[in-house]
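The values are calculated or read from the model by the stated rules, or taken from the named source; none is laboratory data. Model, not experiment: these values are computed from the prediction. No Cβ is skipped: glycine too gets one built from the backbone with ideal geometry, and neighbour counts run over all protein chains shown.
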Amino acid sequence: MMFGKKRGMVRIKIVIGTRSAVLCPLHNLGLMIIDEEHDQSYKQHEGFRFSARDVSIKRAQVENIPIILGTATPSLQTLKLVKDKKYKQINMLKRANGSEPPGFIVLDINDSKLESGIAKESLDAIEMTLSQNKQVLIFINRRGFSPLYECNSCRWVAECKSCDARLVFHHGLDRLICHRCESAFGVPKTCPECSSSNLSLQGSGTERIELFLEKYFKSKIMRIDSDTINNISKLNSFLEKAKNGDIDILIGTQMLVKGHDFPNLTLVGIIDIDSGLYSLDFRGIEKIAQMIIQVAGRSGRHSTQGKVIIQTRKPNHPIMTKLLKFNNLNFALKNLKQKKELHHPPYTAVSLLRTSSPDSGDGMFVEFSQSIESDISAIGPIPSIITKSRGNFRHHLIIQTTSKTLLNKFAQDIISSVSSWKETKKVKWYFDIDPIDYS
Ligand SMILES: [Zn+2]
Ligand SMILES: [Zn+2]
């Protein structure tokens with residue numbers, strides 16, 4: 001914020017903020033800038049549900065002021081509006097500091113022996129980078145030590161009692177934790193199903209990689225995830241250390257990649273991309289492409305050209321062959337073309353009617369189906385990807401229309417008549433407009 005005094009009043013010139021800043025009552029607003037417009041955290045999923053990006057666009061329209069949506073990886077919604085000539089595209093042809101974009105290496109790990117999830121070739125590249133006194137970033141979007149604790153005799157898997165979720169082993173706490181409800185459980189030494197003591201931890205998270213690399217390289221390592229960083233001042237002090245070159249290897253989740261600038265960083269390792277490649281989520285590919293470009297963008301931002309290693313068992317997946325060969329924009333345009341052919345958003349409007357109920361919540365959907373009009377297509381109800389959460393069952397109905405106006409009108413009609421439905425009393429429900437996923 002900048003302050004200037006006039007007639008005893010504090011005049012604020014610039015407001016910088018997260019989601020709620022868009023609701024700030026400013027009287028003389030002249031420009032809005034949404035940085036990283038593609039970022040899904042602009043959408044608030046709890047309490048007052050809204051997309052701060054979309055509300056900003058609406059506000060700029062109502063106040064008749066310009067709005068700039070900044071991004072290196074535009075959302076398909078924004079890209080479509082550029083194509084439709086509703087938005088004007090302004091290109092930044094060079095990286096902010098004029099450095100070369102990073103080079104990608106797709107590392108096929110089908111025949112590799114991994115150590116804590118890391119291939120020998122990646123370890124060699126890390127070693128080489130460290131010997132040049134440069135920094136390394138290892139990206140894995142999974143916190144904890146290991147995401148799967150299972151019995152090798154009967155294939156029992158540790159799961160949360162209240163959620164449809166596998167428990168993640170956390171080494172520091174020596175507990176199995178549910179990442180949905182944060183419940184903690186003791187680690188059984190024998191299988192609760194068959195009493196076998198042949199139990200093992202499968203897969204790696206940030207904590208396992210940290211412990212392994214610490215032992216392997218004896219370097220200064222920092223882990224940045226929501227377990228190590230729980231407030232902004234801690235994040236800032238960690239980032240400061242990393243920028244000063246006090247850290248050799250950074251290991252982190254999504255938290256680490258958002259727009260931070262590490263001058264000495266030249267190697268990025270993306271360790272586990274495969275789990276997201278075949279997600280059921282209709283925005284899955286868009287999200288992974290954005291994530292790769294954003295993570296890669298941390299590398300070689302100053303002088304030296306950066307390198308990005310992507311470990312994968314699917315080296316022929318279009319993400320590996322097309323995204324990296326062409327560039328993100330061309331890849332996104334191809335993806336957009338496909339959405340048009342499939343009548344998917346952003347070429348149609350979609351909303352989910354989400355329910356959570358101690359039983360299946362079927363009654364509400366029966367009442368709902370009687371309100372469906374001919375120009376509305378409804379698919380479901382289907383169980384959400386995470387069906388059970390905190391003891392309740394979650395379902396959703398996909399509602400699709402040709403335009404947003406039609407969808408909004410339909411949703412409003414439902415909202416006004418739903419209070420008279422008997423079956424909704426036990427059901428918690430809401431409309432998820434422009435859903436990000438089906439979880
Ligand atoms: Zn067992
Ligand atoms: Zn749980």
When restricted to Ser351, Ser369, the only residue modelled with pLDDT under 80 and either out of contact with any strand residue (DSSP E or B) (no Cβ under 6 Å at 6 or more places or on another chain) or closer than 25 Å to Ser41 by Cα (or both) is Ser369
What are the residue pairs meeting all of these: first residue in region 307-336, first residue more than 30 Å from Pro263 (Cβ to Cβ), second residue part of a strand (DSSP E or B), Cβ atoms under 6 Å, and 6 or more apart or on different chains?
Pro315/Val106; Pro315/Asp108
Qualifying position, being modelled with pLDDT of 90 or more, more than 24 Å from the chain's Cα centre (by Cα) and either part of a helix (DSSP H, G or I) or at negative phi (or both), among Val22, Val15:
Val15
Looking only at region 424-433, count how many residues are part of a loop (DSSP other than H, G, I, E, B) and surrounded by fewer than 17 Cβ atoms within 10 Å (Cβ to Cβ).
2
Pick from region 273-307, criterion farther than 20 Å from Ser439 by Cα and in contact with a Gly (Cβ under 7 Å, 6 or more places away or on another chain), ranking: modelled with the lowest pLDDT:
Gly300
Applying the selection to region 141-161, what residues are within 16 Å of ligand 2 (Cβ to nearest atom), in contact (Cβ under 8 Å) with a residue 40 or more places away in the chain and more than 20 Å from the chain's Cα centre (by Cα)?
Leu148, Tyr149
Would you check which residues across region 173-202 are hydroxyl-bearing (Ser, Thr, Tyr) and closer than 14 Å to Pro147 by Cα and list them?
Ser200
Could you list, in sequence order, the residues of region 164-178 that are without any contact (Cβ under 8 Å) to a residue 24 or more places away in the chain and over 27 Å from Ser439 (Cα atoms)?
Leu173, Asp174
Here is a check on your reading of the model: is Ser200 over 18 Å from Phe139 (Cα atoms) and touching a residue at least 40 places away in the same chain (Cβ under 8 Å)?
yes
